[in-house]
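Read through the structure below, which is laid out as C-alpha cells, and then see the notes.
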Amino acid sequence: MNNHITTIAFDADDTLWINEPYFQEAEKEFCMLLEDYLPQHSVSQELFKTEMQNLHLYGYGVKGFMLCMIETVSRVSGGTASMQLINRTIEIGQELLQKPIELLEGVTETLDTLKGKYRLVVATKGDLLDQERKLKNSGLQDYFHHIEIMSDKKENDYQKLLKHLDCRPENFLMLGNSIKSDILPVLEIGGFAAHIPYHVTWNHEQHEHHLEHDNFMELKNINEVLKYL
C-alpha cells in the first residue's frame, strides 16, 4: 500500500473527535422524559424505529435526530404531550448542537506527520452546518485539502468523491470507525480502508461479521496507520 496512496480521507465523528457518547447522553435524557408513557428501553426502541423510518427524508445529523424525537413524543403520548415536554425535547437537541469538541487520542500528531506528504480529506456524514461548526472548533481545518459532508456513504457516494478529487481507488485510503460506512463501500470500489474501532457505535452503523480483505487494516489507534504508509 505504501507505494500507491496519494489521498487519505478521514471520517470525522468518533474518528477525529467524540460524538456518539453525546448522542447517547441526549437519548438517555429524552427517554427519561417519556417515562410516564413507556419504560426507557421501550422509548429508545421507538426512537430508533422513527429514525430508521425517516432516514431517507432527514439524512444523518442532529437536526434529523431532533425531528425524530419530537415525532416519537407525539406517537408515544398519543398526541397528548404538553408543550413543556416538546420544548424540553427541542432543548436537548440544541444542547447537542453546542457540545464541545474533544479530539481523540493521536489525531493531531498523526495529521502533523501526514500533512504535506499526502492530500488529506475529511469525508463524513451529518448535518452541513453542524459538521462545519465542529470542524472549525476542532482547530483541524488547515490540515485538509478538501471537506466533504456526505448525505450517505455508499459505493456511488465514494465514487463521486474520488471523481471530484481526480483520484483513482488504488490511490485512496479511508480511515473511520464504521465498518458499514467507512470500510465496506471503499473496499468494494477498489480502495484501501483502515478501521479504527470506537467503544460505542450507533446501532445503525454496527457490523458484527469478521472482515478479511487485502486492502483492509484493523487499527487500535489512529496513529497506527503511519506504519502502513
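Here are the numbers:
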{"read-out": "Candidate set: segment 36-61, residues that are in a helix (DSSP H, G or I) and among the acidic types (Asp, Glu); chosen: the one farthest from residue 127 (Cα to Cα)", "value": "46"}
{"read-out": "Whichever residue in segment 67-106 is open to solvent by 70 Å² or more (accessible area, probe 1.4 Å) and touching a residue at least 40 places away in the same chain (Cβ under 8 Å) and, among such residues, is nearest to residue 140 (Cα to Cα)", "value": "102"}
{"read-out": "Evaluation of residue 122 against (1) under 15 Å from the mean Cα position of the chain (by Cα); (2) buried (at least 16 other Cβ atoms within 10 Å of the Cβ); (3) farther than 27 Å from residue 166 by Cβ (one fails), failing number", "value": "(3)"}
{"read-out": "Residues located in segment 87-136, provided they are modelled with pLDDT of 95 or more, within 18 Å of residue 68 (Cα to Cα) and of a type in the set (A, V, I, L, M)", "value": "90, 92"}
{"read-out": "Segment 157-214, subset basic (Lys, Arg) and modelled with pLDDT of 95 or more, residue farthest from residue 4 (Cα to Cα)", "value": "160"}
{"read-out": "Test: residue 160 is in a helix (DSSP H, G or I) and free of Cβ contacts under 8 Å to residues at least 12 places away in the same chain", "value": "yes"}
{"read-out": "Residue satisfying all of: in segment 34-60; surrounded by 19 or more Cβ atoms within 10 Å (Cβ to Cβ) and touching a residue at least 40 places away in the same chain (Cβ under 8 Å); nearest to residue 87 (Cα to Cα) among these", "value": "34"}
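The values are calculated or read from the model by the stated rules, or taken from the named source; none is laboratory data. Values in this document were obtained by computation on a predicted structure and should not be read as measured data. Neighbour counts run over all protein chains shown; Cβ positions are idealised from the backbone, glycine included. The area values use the complete protein model at the heavy-atom level, side chains included, leaving out ligands, DNA and RNA. Shrake-Rupley method; radii C 1.70, N 1.55, O 1.52, S 1.80 Å.
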